[in-house]
Amino acid sequence: MTISPSQPASSVSDRASSPKSAAAIGDVADFRKAILTMPRWLSVMATLSTAAIVLTLVCLQMGTQYVSLAEVGRIIGRAFGVGETGANGSSITDTIVLQLRMPRVLLGFLVGSSLASVGVILQALLRNPLADPYILGVSSGAALGVSLAVLFGLGGMAWLIPTLPIYGFFGGLLALLVLYRMSATYDRLPVHSVLLAGVILNAIFAALIMFITSIMEPNRAFGMMAWLMGSLTATADQTLLALSIYLALCLAWLFKQVNVLNILTLGEEPARSLGVDTERAKRGILMTAALVTGAVVSVSGMIGFIGMVVPHAVRLVLGADHRLLLPASALVGGMVLMTADTFARSVFAPSELPVGIMTALAGGPFFIYLLVWRKDRLA
Amino acid sequence: MMPQQNAYEVRSLFFRYGSAHVGTSWAVQDVNLQVKAGEILGIVGPNGSGKTSLLKLLAKIVRPYTGEITLFGKSLESATHREVARQVAFVPQDNQPAFSFSVAETVLMGRFPHRHSSFWGSAFGWDSQEDCAVAQQAMRTMDVAHLAHRSVTDLSGGERQRAVIARALTQAPKVLLLDEPTAFLDLQHQLEICSILRALNEERGLTIVMVSHDLNLASQHCDRILMLKDGVVAKMGSPMDVMLPEILQAVYGCHVLVDSHPESGLPRITLPRQLH
């Protein structure tokens, strides 16, 4: 619709009451369909949460020994003290489901959620839909921090829980600061330049990590390599608990920032003109991204592409509003990694693949697809 | 009668980028100015004359090195970004969107400074009926109501510019700052934006400050014009007082022809056939 050039000074109220606009006036319902509303948010989140619970149960079934769904239900029931106890319940199956599979499935969910959330916030902050902690070198920065700590014996068993994530945090933060400094210097870096910076950071960090492993004693180096490939092999229950609390706090803080994230996608200056204290917001978001990545990398090594693929897919389906994008990506990311890990440990059972290899094999081609065939989406 | 209050008062303002480095030249140098409430002020000048920097200073996007800016009598420096954003809306020049928000969602972002920042409120702050009503009103004013569902990444230049101005109006500002609002638009869309701005100014008393490259557009649509050269105020006054051949020659370093617009009688600037 256009203004007739013969009336250049058409008034604001004239325009509001012109017939074409009048059709839109009463259309509050129509307008609400174009935005995210609470009912839509609730229904999507309820659906995804239900799916996550069902998928958890399915993943608990899979592995070297198949366990029926009913059996899984009974075992979980028993664990919570519901339903018939003992009788003919085989305690071996109980152990497999509760002590071997359950921590691993939950860890997978937690790590997947965290990686997807970090992907979402990095994409918003760098205004780059291909940002991912793994691709940008944040994960390898964190891995370098953790490797250094291990090399100098700073991550002793008793200290494993609280300290390793902190070294990961410093490594990840270093990578993020370099990246952010670059993007800020040039106002807005083209998508591909940021990726290139990530490639270089990855190369540097990888070289340093290789150096560290090469000067370690061989059996420690072997453990290090296995961890670097990205695996969710069972950690101690306390680790899982500590990690859950830690990540839950970080993610809760991020969920508070969703509106700010929406505004930040407009760019730093427009965001400031809309009333966001961008310096403070950026600092908080970068720190949290580094904290989450550091913690995740310290337990599960380098698991890539979840942080890029998941937010991308969720955005295509559910829209760009971070109020929904962030929590929905967290749930989907959790489900994706949980499923990938279940495959990793079931397909070649009893031996297993590092899950990082699975996600790279699935995510890499998707990344190339986006880069080559969907240039339009990359602004 | 009380004298009309000034929207902005700017006193001996200095600004440069990367203020840590001594020796960088000033982007804005000793600028003094008043923006009267309810006027349209145009900021013109050659490339790199500090037009956009001055506009960003007024929006508190960047901070002055020294000097004072007051907004409706209150110091801009001591106001929070949110407080400023409730009164001043800024329309940047480059509005390339990175993500596919719907037009309605983008426009609603203008309500951000008006949201309450309680613990949960800031997290989920569902758009209230008032927010939606203000956004819809702004979208009708800017004629983008029918685009509500469309993704901002799919809009044409003119549509996107209107959507961004709609977002600015959704802030319910008293002052609207625009950086080259017609820069990438064709003739019809230029005229459209200018007439809407004029109407907003006349009917709602909105104070408008716009940076423009286009001297004719500034001459026809602004009440007063501030001409900058190398960050210094070269001339300030009505189009009649500023758009004079000798002033333009001094500021732009190039001879131009000035006659009057056949409709409005305001100065019209034309380039000569060749540089001499």
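The values are calculated or read from the model by the stated rules, or taken from the named source; none is laboratory data. None of these values were measured; they are calculated from a predicted model. Methodologically, a virtual Cβ is constructed for each residue, glycine included, from the backbone with ideal geometry; neighbour enumeration extends over all protein chains shown. Each accessible area value is taken on the protein alone, full model and side chains, heavy atoms only, with ligands, DNA and RNA left out. Shrake-Rupley method; radii C 1.70, N 1.55, O 1.52, S 1.80 Å.
What number of residues within region A:352-361 satisfy the criterion of being open to solvent by less than 70 Å² (accessible area, probe 1.4 Å) and free of Cβ contacts under 8 Å to residues at least 40 places away in the same chain?
We begin by selecting, within region A:352-361, every residue open to solvent by less than 70 Å² (accessible area, probe 1.4 Å); these are A:353-360.
Among the residues that remain, those that are also free of Cβ contacts under 8 Å to residues at least 40 places away in the same chain are: A:353, A:358.
Residues flagged as open to solvent by less than 70 Å² (accessible area, probe 1.4 Å) and free of Cβ contacts under 8 Å to residues at least 40 places away in the same chain within region A:352-361 amount to 2.
When region B:185-204 is limited to residues that are open to solvent by 20 Å² or more (accessible area, probe 1.4 Å) and under 15 Å from the mean Cα position of the chain (by Cα), the one that is nearest to the other protein chains (Cβ to nearest Cβ) turns out to be B:Arg198.
Could you check, for region A:303-317, whether at least one of its residues is surrounded by fewer than 20 Cβ atoms within 10 Å (Cβ to Cβ) and farther than 30 Å from A:Ser43 by Cβ? No, region A:303-317 contains no residue that is surrounded by fewer than 20 Cβ atoms within 10 Å (Cβ to Cβ) and farther than 30 Å from A:Ser43 by Cβ. For A:Val67, the requirement of being out of contact with any Gly (no Cβ under 6 Å at 6 or more places or on another chain) and assigned to a helix (DSSP H, G or I) is not met.
Taken together, B:Ala172, B:Ala163, B:Ala145 contain a single residue that is more than 17 Å from B:Leu266 (Cα to Cα), at pLDDT 90 or above and at the interface with another protein chain (Cβ under 9 Å from one of its Cβ atoms), which is B:Ala145.
Looking at B:Ala234, is it open to solvent by less than 10 Å² (accessible area, probe 1.4 Å) and either within 14 Å of chain A (Cβ to nearest Cβ) or over 16 Å from the mean Cα position of the chain (by Cα) (or both)? Spelling it out, it is not the case that B:Ala234 is open to solvent by less than 10 Å² (accessible area, probe 1.4 Å) and either within 14 Å of chain A (Cβ to nearest Cβ) or over 16 Å from the mean Cα position of the chain (by Cα) (or both). Pairing residues of region A:100-126 that are over 15 Å from A:Leu247 (Cα atoms) with residues that are among the acidic types (Asp, Glu) and part of a helix (DSSP H, G or I), at Cβ distances under 9 Å and at least 6 apart in sequence or on separate chains, gives A:Pro103/A:Asp237; A:Arg104/A:Asp341; A:Val105/A:Asp341.
Restricted to region B:219-276, the set of strands (runs of 3 or more DSSP E) holding at least 3 residues that are in contact (Cβ under 8 Å) with a residue 40 or more places away in the chain comprises B:224-229, B:232-237, B:267-270.
Has region A:311-319 got at least one residue that is touching a His at 6+ places or on another chain (Cβ under 9 Å) and in contact (Cβ under 8 Å) with a residue 40 or more places away in the chain? Looking for residues that are touching a His at 6+ places or on another chain (Cβ under 9 Å) and in contact (Cβ under 8 Å) with a residue 40 or more places away in the chain, one finds none in region A:311-319, hence no. Check region B:111-128 and report whether any residue there is more than 7 Å from chain A (Cβ to nearest Cβ) and at pLDDT 90 or above. Yes; the residues of region B:111-128 include at least one that is more than 7 Å from chain A (Cβ to nearest Cβ) and at pLDDT 90 or above. Quick check on B:Gln96: is it outside any strand (DSSP E or B), open to solvent by 10 Å² or more (accessible area, probe 1.4 Å), farther than 22 Å from A:Leu264 by Cα and within 8 Å of another protein chain (Cβ to nearest Cβ)? Spelling it out, it is not the case that B:Gln96 is outside any strand (DSSP E or B), open to solvent by 10 Å² or more (accessible area, probe 1.4 Å), farther than 22 Å from A:Leu264 by Cα and within 8 Å of another protein chain (Cβ to nearest Cβ).
Each row is one residue, and each column tells you yes or no for (1) farther than 17 Å from A:Val120 by Cβ; (2) among the hydroxyl-bearing types (Ser, Thr, Tyr).
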site	(1), (2)
A:His312	no, no
A:Leu325	no, no
A:Ser351	yes, yes
A:Trp373	yes, no
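You will find that of A:Ala290, A:Ala281, A:Ala252, the residue that is assigned to a helix (DSSP H, G or I) and away from chain B (no Cβ under 14 Å) is A:Ala290 and no other.
Please go through region A:267-278 and pick out each residue that is more than 7 Å from chain B (Cβ to nearest Cβ), surrounded by fewer than 24 Cβ atoms within 10 Å (Cβ to Cβ) and either of a type outside the set (S, T, N, Q) or not in a helix (DSSP H, G or I) (or both).
In the first step, residues of region A:267-278 are kept if they are more than 7 Å from chain B (Cβ to nearest Cβ); the result is A:267-268, A:271, A:278.
Keeping just the survivors that are surrounded by fewer than 24 Cβ atoms within 10 Å (Cβ to Cβ) gives A:267-268, A:278.
Within region A:267-278, A:Gly267, A:Glu268 meet the criteria.
When A:Leu136, A:Leu130 are checked against the criterion of being in contact with a His (Cβ under 9 Å, 6 or more places away or on another chain) and modelled with pLDDT under 90, a single residue qualifies: A:Leu130.
When only residues in region A:108-148 that are over 14 Å from the mean Cα position of the chain (by Cα) and of a type in the set (S, T, N, Q) count, which is farthest from the other protein chains (Cβ to nearest Cβ)?
The selected residue is A:Ser147.
Taking B:Val251, is it aliphatic (A, V, I, L, M) and surrounded by fewer than 23 Cβ atoms within 10 Å (Cβ to Cβ)? Against the criterion (aliphatic (A, V, I, L, M) and surrounded by fewer than 23 Cβ atoms within 10 Å (Cβ to Cβ)), B:Val251 qualifies.
Taken across region B:176-185, residues that are over 17 Å from B:Lys51 (Cα atoms) and assigned by TED's automatic domain parsing to the domain that holds B:Gly73 do occur, with at least one present. In region B:61-87, the residues that are under 18 Å from B:Arg111 (Cα atoms) and within 8 Å of another protein chain (Cβ to nearest Cβ) form Cβ pairs under 6 Å with partners that are open to solvent by less than 20 Å² (accessible area, probe 1.4 Å) and part of a loop (DSSP other than H, G, I, E, B), at six or more places apart or across chains, as follows: B:His81/A:Gly275; B:Arg82/A:Gly275; B:Val84/B:Lys60; B:Ala85/A:Leu274; B:Ala85/A:Gly275.
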